[in-house]
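Before any comments, here is the structure.
Throughout, read-outs are computed from the coordinates displayed, never taken from laboratory work. What you are looking at is a predicted structure, and each value in this text was computed from that prediction instead of being measured. Cβ: placed from backbone, ideal geometry, glycine included. Neighbour counts: every protein chain shown.
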Amino acid sequence: MQVQELPTDPQAIRELIRLGKYDGVTGGLAPGYVQANLVILPKSLAFDFLLFCQRNPRPCPILEVLDAGKPEPVLTTPGADIRTDIPKYRIFRDGELYEEVTDINGFWRDDLVTFLLGCSFTFESAMIDAGIPLRHWETGKNVTMFITNMSTTPAGVFSGPMVVSMRPIHHQQIVRAVQVTSRFPGAHGAPIHVDNSKAIGIDNIELPDYGDPTEFKDGEVPVFWACGVTPQAVAIKSKPSLMITHSPGHMFVTDMKDSALAAL
């Protein structure tokens, strides 16, 4: 099913996902609604990860933390089920990617704590409204993401590199892109780096670590935002016994309006 055939209502989109009728990327879906990154951990690791998010608010801005064993995000999306309402999940065991699945019912336990983290897909509607085109919307592809040489601030057992998402922005629109996205600190906020990708450890801009490669047009430069895929890179380094995440680009579409995260 193509993006243009999908409904724009977040509940209707989640229903299609729950029924197994859509397992694609969520960039451009439900314009105007907040999308979220997912991290699920055993309760024994939850405080360390909460502290990690508190120390690293740019890549890991917290939207909601669910009680242990509870799959319903009652604050952001009452009635949703975090076990089935994301297009694709990743299961990490001891730092290794164990499996990619379309629901996590078979992995669910009563001691699991769910974290929903802000996502840069949230501010993309505002970028479009400001006249800033987004290549992955135009092509129906996943956003481009890279592991950088920038370290996160460790907390408990968790440490590792920051991941960034990248969008090509025309040099005349960079200031506007900064202005627009800085209004959304709960969705990673303003860019953390512009141009010169080698300075943040990216040797080849055409070979992303996650997502799809991006074509550049004349006058465009790479602009980088902190990314909620960071915990997945952290899992590989820190090797928690279990971490369940979304697959990069396959987000949880909430019922929250973008405006709820926008600073005045």
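Pick from 244, 236, 192: which is most flexible by mean-square fluctuation in a GNM of the chain where alpha carbon atoms under 10 Å apart are linked?
192
Could you pull out every Cys in the chain that lacks a partner Cys with its beta carbon under 4.7 Å away?
Unpaired cysteines in the chain: 119, 227.
In whole Å, what are the extents of the stretch 1-127 along the principal axes defined by its C-alpha atoms, from largest to smallest?
42, 33, 28
Would you mind working out the magnitude of the charge dipole of the chain relative to its Cα centre, with +1 at each Lys and Arg C-beta and -1 at each Asp and Glu C-beta, to the nearest 20 Debye?
Dipole magnitude for the chain comes out near 520 debye.
For residue 198, which lysines qualify as cross-link partners when the Cα separation must be under 21 Å and same-chain residues fewer than eight apart are set aside?
Leaving aside lysines fewer than 8 places away in the same chain, those within reach of residue 198 are 217.
For residue 31, what charge total do you get from the other residues with a beta carbon under 13 Å from its beta carbon, if Lys and Arg give +1 and Asp and Glu give -1?
-3
Rg/Rh for the stretch 121-226 to two decimals, with Rh computed the Kirkwood way over all alpha-carbon pairs.
Rg divided by Rh gives 0.96.
Which part of the stretch 191-211 falls in the paramagnetic zone of residue 175, meaning amide N under 16 Å from the point 7 Å along Cα-to-beta-carbon?
Under cut-off, by backbone N: nothing.
In straight Cα distance, which lysines are under 30 Å from residue 43, not counting same-chain residues fewer than 8 positions off?
Cα-Cα hits under 30 Å: 70, 88, 237, 239, 257.
Could you pull out the longest piece of the chain with no exposed loop GluC sites (Glu not before Pro) in it, calling a site exposed if DSSP puts it outside H, G, I, E, B and it has at most 14 other Cβ atoms within 10 Å?
Between the exposed loop sites, the longest stretch runs 1-205.
Can you sort 234, 253 from fewest to most other Cβ atoms within 10 Å of each residue's own Cβ?
Fewest to most other Cβ atoms nearby, the residues stand as 253, 234.
Could you please report the charge total around residue 168, scoring K, R as +1 and D, E as -1 over all other residues with beta-carbon less than 10 angstrom from its beta-carbon?
Summing Lys/Arg as +1 and Asp/Glu as -1 gives +1.
Mind checking the dipole of the stretch 121-226: about its Cα centre, +1 per Lys or Arg Cβ, -1 per Asp or Glu Cβ, Debye to the nearest 20? Before the final figure, lay out the partial values.
Working: 7 positive and 11 negative charges, 60 e Å.
Result for the stretch 121-226 is approximately 280 debye, rounded to the nearest 20.
Compare the Cα positions of 30, 192, 214 along the charge dipole of the chain (+1 at Cβ of Lys, Arg; -1 at Cβ of Asp, Glu; about the Cα centre) and return the one farthest towards the positive end.
So the residue furthest toward the plus end is 192.
Count the net charge of all other residues whose Cβ sits under 12 Å from the Cβ of residue 43, scoring Lys and Arg as +1 and Asp and Glu as -1.
On the way: positive: 70, 109; negative: 48, 67, 110, 111.
Within the 12 Å Cβ shell, the charges total -2.
For the stretch 242-264 and the stretch 106-124, write down the distance between their C-alpha centroids in whole Å.
With the stretch 242-264 and the stretch 106-124 each reduced to a Cα centre, they are spaced 8 Å.
Please work out the Cα center distance from the stretch 137-197 to the stretch 28-96, rounded to the nearest Å.
Value for the Cα centre distance between the two parts: 19 Å.
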